[in-house]
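Bear in mind these aren't lab numbers, they're just calculated from the coordinates by the rules spelled out. Bear in mind the structure is a predicted one, so any value in this text is a computation, not a measurement. Here the Cβ positions follow ideal geometry from the backbone for every residue, glycine too, while neighbour counts run over all protein chains shown.
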Amino acid sequence: MLGLEGPCWVGPGPDGGLAVSEEFGDVRLFGSARQPLGSLGGWTGHTFSCPAGICSNSEGNVIVADKQRRQVTLFPRAGPPICLVSEGLGQPLGVACAPQDQLLVADAKDSSIKVYQGLKELA
């Protein structure tokens, strides 16, 4: 996978592919055969400040932590991006989807892991 601009984080993307965040750039998506599919910013018009951690939920939606915007955003397979969490985040770096509809966020500012429950209703 060439042509990335400062790849920082890599995580599972939809349909067995990969998602790669680029420092001060965008989030690039690759298919299961590692072929480039495009970028979240290009598809949705969303502007990232500094995308960091990435995960995908069981529905195939991509979730991205933006450490400078201090927010976690869900990018549904169809429709506009949805801000899942912004309050109480200092510097979100990592995200993970856990069982029972939980979202885990690693916040570097206060050295904590924050657990959010019941986010499925927002998506």
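Worth a mention:
- The range 40-66 and the range 68-96: distance between their alpha carbon centers, rounded to Å: 8 Å
- With 0.36 nm allotted per residue and the present C-alpha distance subtracted, the Glu59-Phe24 stretch has 9.9 nm of extension available.
- P(r) weight above 18 Å for the chain, C-alpha pairs, percent: 46 percent
- When +1 charges are put on Lys and Arg Cβ atoms and -1 charges on Asp and Glu Cβ atoms, the dipole computed for the range 1-67 relative to its Cα centre reaches about 100 debye.
- Pair-distance profile P(r), taking every C-alpha pair of the range 42-97, with 5 angstrom steps and integer %: 4, 22, 33, 26, 13, 3
- Antiparallel content of DSSP bridges confined to the chain, in %, to 5: 100 percent
- Summed residue charge, Cβ within 11 Å of Glu87's Cβ, Lys/Arg positive, Asp/Glu negative: +2
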